[in-house]
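Undergrad: Just passing along the structure, written as C-alpha cells.
The values are calculated or read from the model by the stated rules, or taken from the named source; none is laboratory data. This structure is a prediction, so every number in the text was calculated from the model and none was measured. Neighbour counts run over all protein chains shown; Cβ positions are idealised from the backbone, glycine included.
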Amino acid sequence: MAAINREYRKKFYIESYGCAMNFSDSEIVASILNDNGFGATGNYIEADLILLNTCSIREKAEQTVRQRLHLFRQVKQSRPGMLIGVLGCMAERLKGKLLEEERLVDMVVGPDAYRTLPGLIEEAETGQKAVNVLLSRDETYADISPVRLDSNGVAAFVSIMRGCNNMCAFCVVPFTRGRERSRDADSIMRECAGLFAQGYREVTLLGQNVDSYYWMDEVADKIVTFAQLLEKVALIDPLLRVRFSTSHPKDITDEVLHTIARYENICNYIHLPVQSGSTRILQLMNRTYTREWYMAKIDRILSLIPDCGLSSDIITGFCTETEEDHQDTLSLMAYSRYDMSYMFFYSERPGTLAARRYADDVPEEVKKRRLDEVVKLQNRLSLESNKRDIGKTFKVLIEGDSKKSAADWRGRNSQNKVVIFPKEGGSYNKGDYAWIKIAECTGATLIGSAVQGEEIN
Ligand code: SAM
Ligand code: SF4
C-alpha cells in the first residue's frame, strides 16, 4: 500500500478479481476514495465500505464473487451502516438486477462510472440503493494518479486504453467495458516517469488490445501509435523495463516488433493469445486470423526477436469443437512452443455473439478432458523451455524475496520467467538488476546464481 500521511474519516476495503485491468482500476478507485476521505484497510471487519471489483469473463468468476458477497452479508449484519458495493464487469452486466439478486448490496458501479463513487456513497448512506452503470466513449481516467495497492514497489501496471472493439464471439468484455478508447500519451508518460522517480523499475502497459492504441497529439498535430508509445516510455530511462499486455495477433505490427528489438529495456516477451489452433473454430470465434496466419506471425516474431518469450490464452470446448479441432490446438501449441499459457474451458456468457448464434454443445466432461490435455502439454512445453535455458545467463530484475525462502531473491528475466538465486555472496537490493547464470529449473522457475564481469556472457 502506498504510504499516504493523511487523516481519513472512513475506511474502505477492496477486493479485485479477474484481469490486470481490474487490478489497475482498483488503484484508480483507491485514488478517488482517498481524495474523498476514505483510507484503505486490508481488514474488511473494520471497513465502513466493502468494494468488490468483479469479473464476468467466465461463470466461475461470477460465482466466486457471489460467495464472497454471502460472507460479507454476515459481516454487515454485525455492523449496521457498513456499505457494500459491486464494481466492474459484473456490475455492468447485471446492472440493477444485482440489487434484486443480492439484497445486501448497496451500490452497483460500472467501470466507466468511478468518478461518481463519492456521490453514490452519499446516496447509499441515506439508505437508498445507488447505481451508475453508464458506459462512456471517452473516459480514460487519464488525470487520476492511481494509488498503488499491494505493490512490491518494483513493478506497476499502467493502463493505456479502455474497452474493446473486437467482437470475439465468446467474450463479454466489449459489453461490460464498452468501446475502445486510448489514453492521452502525455499522461501515460507522466505516470511512467513518476513511477520511475519513486523507484519503480518496470511498467506493464495495459489494454485489452494494446496494438490498436491510437492517440492524436493535438499540440504536435501527430498521431501516436502503440510502437511510438512503447518507444517514448522506453526512452524515460534505460533502467526502466517496459512490458505490455495484451496483443491481438491480428494487430501486432512489424513496427512494434522492430521497436522491441531496438530497445534493450523493452522486454522480449509477447502474450499472444491464440484461443484455438483450428481455423474453423477461429472463424466461429471471430478472431479474424487462420491457423497458418498465426504460425507465420510466430515465425516473424522469432525472426526479428530470436529469444522472444511467448505465452498464450487457450479455450477448449468452444461451440462445435471436434476432436480434430482439439488436436489442431495441441499441435499449434507445440509449434509455438509457448513458455506459459492461461487455459480455460469454454463458459457461455449471456449476450455474447456465441450465446446468440451457436449451441454450447460440447459436453462439460469433454471440455474438461480437453483442457486437461492442453494443461499437460503446456506443462511439458514450459519444462522443455526452461531446460533450454540451463547454462544461459540472464539479466534479472529483483522483485523481492523468494516465496519459499528469504535466503533467496526472486526476480524475472526479460522473457518474463521467474528466476530464483541465493542472496548469499551478493549485495543486491529489491529493484536492482543482477546477471544470473541458470543451473537448474522446474516447470515454473529458473534457478541459478549471480555472476559478474567476464562470466556474464
Ligand atoms: N483482450 C485479451 C485478449 O484478447 O486476449 C484478454 C481478454 S480476456 C480478459 C482473457 C481471456 O479469457 C481470453 O483471452 C480468453 O482466453 C478467456 N475467455 C474469454 N471469454 C471466455 C469464455 N466465455 N470462456 C472461457 N474463456 C474465456
Ligand atoms: Fe474479449 Fe476479444 Fe476484446 Fe480480448 S480482443 S477483450 S478476447 S473481445
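Undergrad: Looking at the range 347-364, can you tell me whether even one residue there is under 19 Å from Thr445 (Cβ atoms), away from ligand 2 (no atom under 16 Å from the Cβ), among the charged types (D, E, K, R) and touching a residue at least 24 places away in the same chain (Cβ under 8 Å)?
TA: Among the residues of the range 347-364, not one is under 19 Å from Thr445 (Cβ atoms), away from ligand 2 (no atom under 16 Å from the Cβ), among the charged types (D, E, K, R) and touching a residue at least 24 places away in the same chain (Cβ under 8 Å), which makes the answer no.
Undergrad: Separate question: Could you check Ala113 against (1) over 19 Å from the mean Cα position of the chain (by Cα); (2) more than 18 Å from Glu27 (Cβ to Cβ); (3) not aromatic (Phe, Trp, Tyr) and say which number it fails?
TA: Only one criterion is unmet by Ala113, namely (2).
Undergrad: Right, next: Identify the single condition in (1) surrounded by fewer than 18 Cβ atoms within 10 Å (Cβ to Cβ); (2) in a helix (DSSP H, G or I); (3) touching a residue at least 40 places away in the same chain (Cβ under 8 Å) that Leu33 does not satisfy, given that it satisfies every other one.
TA: Among (1) surrounded by fewer than 18 Cβ atoms within 10 Å (Cβ to Cβ); (2) in a helix (DSSP H, G or I); (3) touching a residue at least 40 places away in the same chain (Cβ under 8 Å), the lone unmet condition for Leu33 is (1).
Undergrad: Can you spot a residue in the range 414-431 that is under 24 Å from Tyr200 (Cα atoms), touching a residue at least 24 places away in the same chain (Cβ under 8 Å), among the aromatic types (Phe, Trp, Tyr) and outside any strand (DSSP E or B)?
TA: Taking every residue of the range 414-431 in turn, at least one turns out to be under 24 Å from Tyr200 (Cα atoms), touching a residue at least 24 places away in the same chain (Cβ under 8 Å), among the aromatic types (Phe, Trp, Tyr) and outside any strand (DSSP E or B).
Undergrad: Only strands (runs of 3 or more DSSP E) wholly contained in the range 190-247 count here; list those with 1 or more residues that are among the basic types (Lys, Arg) and modelled with pLDDT of 95 or more.
TA: 241-245
For every residue, the table says whether it meets (1) under 29 Å from Gln228 (Cβ atoms); (2) free of Cβ contacts under 8 Å to residues at least 24 places away in the same chain; (3) not in a strand (DSSP E or B).
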residue: Gln74; (1), (2), (3): no, yes, yes
residue: Met90; (1), (2), (3): no, no, yes
residue: Arg93; (1), (2), (3): no, no, yes
residue: Leu99; (1), (2), (3): no, no, yes
residue: Asp143; (1), (2), (3): yes, no, yes
residue: Val147; (1), (2), (3): yes, no, yes
residue: Cys164; (1), (2), (3): yes, no, yes
residue: Arg179; (1), (2), (3): yes, no, yes
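Undergrad: Just to be sure I understand the filter: pairs with C-beta atoms under 7 Å, separated by 6 or more residues or on different chains, first member in the range 313-325 and acidic (Asp, Glu) and within 15 Å of ligand 1 (Cβ to nearest atom), second member assigned to a loop (DSSP other than H, G, I, E, B) and modelled with pLDDT of 95 or more. Which pairs pass?
TA: From the range 313-325, the pairs are Asp313/Pro273; Glu321/Val362.
Undergrad: If you go through the range 253-289, how many residues are outside any loop (DSSP other than H, G, I, E, B), closer than 30 Å to Thr316 by Cα and of a type in the set (A, V, I, L, M)?
TA: Within the range 253-289, residues that are outside any loop (DSSP other than H, G, I, E, B), closer than 30 Å to Thr316 by Cα and of a type in the set (A, V, I, L, M) number 6.
Undergrad: On to the next question. Would you mention how many residues in the range 392-413 are assigned to a loop (DSSP other than H, G, I, E, B) and under 21 Å from Val451 (Cβ atoms)?
TA: The number of residues fulfilling the criteria is 5.
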